[in-house]
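Here is the structure we will look at.
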Amino acid sequence: MNTLIAVIPGDGIGPEVMAQTTRIVDLVHPGFTFETHALGAEHWLSTGEVLSDETLARLAQADAILLGAVGAAPGSTQIPSGLLERGLLLKLRFAFDHAVNLRPSKLYPGLPTPLSDPIVAGKNIDFVVVREGTEGLYCGNGGSVRTGTSEEIATEVSINTAYGVERVVRYAFDLARTRNKKLTLVHKHNVLVNAGGLWRRIVAEVGEKYTDVTTDYLHIDAATICLVTQPDRFDVIVTDNLFGDILTDEAAAVTGGIGLAASANLNVSGTYPSMFEPVHGSAPDIAGKGIADPRAAILSGAMMLDHLGFAKDASTIRAAVEADIAATIGLTRSTFEIGDAIIAALG
Ligand code: IPM
Ligand code: MN
């Protein structure tokens, strides 16, 4: 069967890291058809289109989507803030029902971390954040009236459905079962009593069937502390869309930088293609210089191979990236050189 991979290189460093990713995925698993879609800032500037219905329908035909990064530079006067994020990236996550935004964090041996050595020495930092991907404050359920006046009212309402929470919680429990059997719910139920109450209840209810998995709870503010003081305490973290967004940037920073953080946006029912992308953004400040680290994107490619059922090819890529990390601590290399080195390490 011909497998179709839709590739959205996007903006900024997106095309640079995506070039290395498709090159490596194609080497390790020859035979995919890659179809590139030139979506993002430039496409909008030249056509006025963010994501047409035709393109969305075409993307729906793919077996998986690889995405580099989208978004204009903060402060860009040409592109309204949120236009590409809401109109392209989040539109894809919502349209293709990406309920689970999976973001693993692992501190590879020898990698510099901003944590002081005595804290991390000998400890195993290896956890996964299961971020809800289709609800919460990301829904776009809000608006403003009297906009631009001193009487302006602006709202963003967080949507939490029992259905949406349950499916992500279930996924997180299943994942914990394949790992160290520990699940931490992160929320803020002492303030967000309605949404927090729903999340807590569902974790408790679903957890009754997973007696082999230990559960605990942290408020988001405390969780940000624990991520730097005791990162080894985590195995699987389940949380809502915005808390997960914030926590996974912190997790990436703690475990060697955003240049290594991969992610999967999973459609858990198989009705639409899942999408794989690095956690980092388009990094306009370093775009075009050929210095972006492509390893987060390459590891996202490995997550895609896993999802498509090619676990062995995924491990081959992961092993090559790990070997590359171990061999090149402290080296400064170009995007292309890193791609070359990983290819050389594929074995
Ligand atoms: C991420 C990004 C996106 C998000 C932005 C670009 C909309 O920060 O994937 O973490 O907030 O989800
Ligand atoms: Mn983010």
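We did not get these values from a lab; they are worked out from the coordinates using the rules stated. If you're wondering where the values come from, they're calculated on a predicted model, not measured in any experiment. Please note: Cβ atoms are built from the backbone with ideal geometry, for glycine as well, and neighbour counts cover all protein chains shown.
For the peptides 41-52, 162-173, the ranking by packing is 162-173, 41-52, with the highest mean count of neighbouring Cβ atoms within 10 Å listed first. Counting only the Cα atoms, the range 76-140 fills a convex hull of 149 Å³ per residue. The range 273-293 and the range 321-347 have their alpha-carbon centroids 17 Å apart. Please identify which residues in the range 250-289 have an amide N closer than 17 Å to a label point set 7 Å out from the Cα of residue 123, following the Cα→Cβ vector. Within reach of a label on residue 123, which here means backbone N under 17 Å from a point 7 Å along Cα→Cβ, the range 250-289 contributes 250-257. Normalise the Debye intensity by I(0) for the range 265-347, one equal point scatterer per Cα, no solvent, then take log10 at q = 0.21, 0.26 Å⁻¹ and round to two decimals. After summing over all Cα pairs, the log10 values are -1.02, -1.26.
Judged by the mean number of other Cβ atoms found within 10 Å, the most tightly packed of the peptides 213-220, 55-62 leads the ranking 213-220, 55-62.
Could you tell me the relative contact order of the range 1-149? Use alpha-carbon pairs under 8 Å, at least six residues apart, and round to a whole percent. Reported as a whole number, the value is 24 percent. The antiparallel fraction among DSSP beta bridges confined to the chain stands at about 40%. Averaging the Cα positions of each part gives two centres, and for the range 29-53 and the range 198-218 these lie 41 Å apart. Placing +1 on the Cβ of every Lys and Arg and -1 on the Cβ of every Asp and Glu, with nothing else charged, gives the range 280-335 a dipole about its Cα centre of roughly 80 debye.
Around the amide H of residue 13, modelled in the peptide plane, lie the amide H atoms of 283, all under 5 Å away and 5 or more residues distant in sequence or on another chain. Subtracting the Cα-Cα distance of residue 94 and residue 340 from their residue separation scaled by 0.36 nm leaves 85.0 nm. Under a model in which nothing but the beta-carbon of Lys, Arg (+1) and Asp, Glu (-1) is charged, the chain shows a dipole of about 700 debye around its Cα centre. A cut-off under 15 angstrom between Cβ atoms defines the neighbours of residue 32, and their net charge, with Lys, Arg +1 and Asp, Glu -1, is -4.
For residue 132, neighbours were defined as the other residues whose beta-carbon sits under 11 Å from its Cβ, and their charges (Lys and Arg +1, Asp and Glu -1) total -1.
For the chain, modelled as a GNM whose springs connect Cα atoms under 10 angstrom apart, the maximal fluctuation among 196, 133, 40 occurs at 196. In this simple spin-label approximation, residue 116 and residue 222 carry label points 7 Å from Cα along the Cα→Cβ vector, and these lie 2.4 nm apart. Which residues does the label zone of residue 45 cover in the range 8-34, counting backbone N under 15 Å from a point 7 Å along Cα→Cβ? Correct set: 10-15. Here the range 148-222 is described by how far its Cα atoms reach on the three principal axes: 55, 27, 18 Å, from widest to narrowest. Among the listed pairs 182/209; 91/209; 106/182; 209/312; 106/312; 188/209, those with a Cα-Cα distance over 22 Å are 91/209; 209/312; 188/209.
Grab the alpha carbons of the range 1-115, take their convex hull, and tell me the volume per residue in Å³.
Looking at the range 1-115, the number lands at 156 Å³ per residue.
Calculated FRET efficiency, residue 212 to residue 312, Cβ-Cβ distance, R0 = 25 Å: about 0.35 to the nearest 0.05. Using just its DSSP H runs of length 4 or more, each adding -39500 (n - 2.57), the chain gives a mean residue ellipticity at 222 nm of -12000 deg cm²/dmol after division by all residues. The Cβ shell under 15 Å around residue 204 holds other residues with a net charge of 0, Lys and Arg each +1, Asp and Glu each -1. Largest GNM mean-square fluctuation among 67, 305, 260, using the chain with Cα springs under 10 Å: 305.
Based on the Kirkwood approach, the hydrodynamic radius assigned to the chain is 20.8 Å, with every pair of different Cα atoms included.
Of 211, 328, 161, which has the largest mean-square fluctuation in a 10 Å C-alpha GNM of the chain? Highest fluctuation among the options: 211. The loop-placed chymotrypsin sites (Phe, Trp or Tyr not before Pro) in the range 82-147, going by DSSP, include none that has at most 15 neighbouring Cβ atoms within 10 Å of its Cβ.
When the Cα positions of 278, 335, 180 are compared along the charge dipole of the chain, 180 comes out farthest toward the positive end, with charges on each C-beta of Lys, Arg, Asp and Glu.
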